[in-house]
Amino acid sequence: MAKRVAIVGAGVSGLASVKCCLEEGLEPTCFERSDDLGGLWRFTTKVCQVTKCPDFTVTGQWEVVTQHEGKQQSAVFDAVMVCTGFLTNPYLPLDSFPGINIFKGQYFHSRQYKHPDIFKDKRVLVIGMGNSGTDIAVEASHLAKKVFLSTTGGAWVMSRVFDSGHPWDMVFTTRFQNMLRNSLPTPVVTWLMARKMNSWFNHANYGLIPEDRTQLREPVLNDELPGRIITGKVLIKPSIKEVKENSVIFNNTPKEEPIDIIVFATGYTFAFPFLDETIVKVENGQASLYKYIFPAHLPQPTLAVIGLIKPLGSMIPTGETQARWAVRVLKGINKLPPRNVMIEEVNERKENKHSGFGLCYCKALQSDYITYIDELLTSINAKPNLFSLLLTDPRLACTIFFGPCTPYQFRLTGPGKWKGARNAILTQWDRTFKVTKTRIVQEPPSPFASLLKLLSLLALLLAIFLIFL
């Protein structure tokens, strides 16, 4: 049984891993190379190397070499949890921008951005239309003389405020919605999503509509962007053809645009420089990990990678659920399947063969949030049993199925069960709107409320019937 656990990285996944280790009676030591928030925490400590001990095939132990204030030291741990994530190395593809070496203005990766004051009265170009790039472009537009946002493939832009003023993720991320999406052919789901996205504003009229609408791309969450575009504060442009000393030329537009600052919001790559490639090898933006966590080929399952996944949902509960399962494997309570079974699953995930139904998770590390979480919860007997709940607690069953798939659901049963989970689920909407209802308004009772509840119950029964058919 693993006792001493080294945790590399003190971000959200590292913090969750520390918590899960403590819950299971293990002894975590968290190494964080920065001087910011960490775990049982050795701040400003860099992990230089993690190697197998000579008797690894028997003990599963690891030697961890660290460096602090220029001094190196090593220690032996029973297990290692790597929590460095996939946002480790800024990706700066300068070779893809001819002429950047002669550019006389300032350019930097979005990771270096701290405050919009640097854009005051400047002509700014932001390259990359992910969430970071869009946020920077919008912030810059309040101070800059001119802001361009360059995108190669476009993107769907969503407001955080969704139907009826509800938070978008509490509407989108439900078990009912997820089951419905996964039961429909992908072209139908794609059409429905495009229709929903364009209900806020027509993306084609704003030059934003994605070129590839089949493969899932993370939507951009920004409430201000359409307003900044329609008022001329942010100009959407295609990819860059050439960079000159004080200007750029965009593809399909011969006019040169004067530019003072270029921000490369071009994403990140990840690597594990402290691990040998024989332990975890990164190829084509992904690693050979069973359930995105365990190296499938190791004779002892004592190394886990937490947070190396891109779910269409919250990363924090995803990392915590990974850690809950991984810690129980490290402790010896849960067992992994045979090595050949794990390798087969890893290869299937790498091939990314789409079933033809639901959203197309075809890019590396992408995953269906609810489906993936349920896989892990099933492994530790913590997945809520809807059929059983329908018989014993129908109100809770309906709320779980039709309501937001919040992490309270993951604490209803199994290890780490929380007695307050049921009440938290049933009252989550009250807390959601407590901050907005600062002026109380008396609403007349709806004559259709009872009918709606009856129809919801019938829909739940039909859905469960289809699941167990």
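The values are calculated or read from the model by the stated rules, or taken from the named source; none is laboratory data. The structure displayed is predicted, hence computed values, not measured ones. Ideal geometry is used to build each Cβ from the backbone, glycine not excepted, and the neighbour counts take in all protein chains shown. Surface areas here come from the heavy atoms of the whole protein model, side chains and all, with no ligands, DNA or RNA. Shrake-Rupley method; radii C 1.70, N 1.55, O 1.52, S 1.80 Å.
Per-structure values
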item	result
Tally of residues being more than 19 Å from SER17 (Cβ to Cβ) and either under 15 Å from the mean Cα position of the chain (by Cα) or of a type in the set (D, E, K, R) (or both) across the stretch 286-310	1
All positions within the stretch 408-419 that are within 26 Å of the chain's Cα centre (by Cα) and open to solvent by 60 Å² or more (accessible area, probe 1.4 Å)	TYR408, LYS417, TRP418
Extreme residue, farthest from GLY414 (Cα to Cα), among residues of the stretch 336-360 that are among the acidic types (Asp, Glu) and open to solvent by 100 Å² or more (accessible area, probe 1.4 Å)	GLU351
Residue among ILE333, ILE279 that is open to solvent by less than 30 Å² (accessible area, probe 1.4 Å), assigned to a loop (DSSP other than H, G, I, E, B) and not polar (S, T, N, Q)	ILE279
Long-range neighbours under 7 Å by Cβ, at least six apart or interchain, first residue among the β-branched types (Val, Ile, Thr) within the stretch 407-423, second buried (at least 17 other Cβ atoms within 10 Å of the Cβ)	THR413/ALA382; THR413/PRO384
Some residue of the stretch 7-26 being in a strand (DSSP E or B) and more than 30 Å from GLU257 (Cβ to Cβ)	yes
Answer residue from the stretch 287-302, given it is among the hydroxyl-bearing types (Ser, Thr, Tyr) and open to solvent by 20 Å² or more (accessible area, probe 1.4 Å) and is modelled with the lowest pLDDT among those	SER288
Of all residues making up the stretch 97-111, the number that are over 15 Å from LEU125 (Cα atoms) and either charged (D, E, K, R) or free of Cβ contacts under 8 Å to residues at least 40 places away in the same chain (or both)	2
In the stretch 211-249, residue most open to solvent (accessible area, probe 1.4 Å) [restricted to those that are free of Cβ contacts under 8 Å to residues at least 24 places away in the same chain and assigned to a loop (DSSP other than H, G, I, E, B)]	ARG213
Count of residues meeting criterion [open to solvent by less than 30 Å² (accessible area, probe 1.4 Å), within 9 Å of VAL12 (Cα to Cα) and either assigned to a helix (DSSP H, G or I) or among the basic types (Lys, Arg) (or both)] in the stretch 306-321	1
Selection count where residues are assigned to a loop (DSSP other than H, G, I, E, B) and either farther than 23 Å from GLU375 by Cβ or of a type in the set (A, V, I, L, M) (or both), scope the stretch 285-299	4
Given (1) modelled with pLDDT under 95; (2) open to solvent by less than 20 Å² (accessible area, probe 1.4 Å); (3) within 19 Å of VAL329 (Cβ to Cβ), number of the condition GLU23 does not satisfy	(2)
Failed item in (1) in a loop (DSSP other than H, G, I, E, B); (2) buried (at least 20 other Cβ atoms within 10 Å of the Cβ), with ALA271 passing the rest	(2)
Single residue of ARG439, ARG422 found to be in a helix (DSSP H, G or I), charged (D, E, K, R), open to solvent by 30 Å² or more (accessible area, probe 1.4 Å) and at pLDDT 80 or above	ARG422
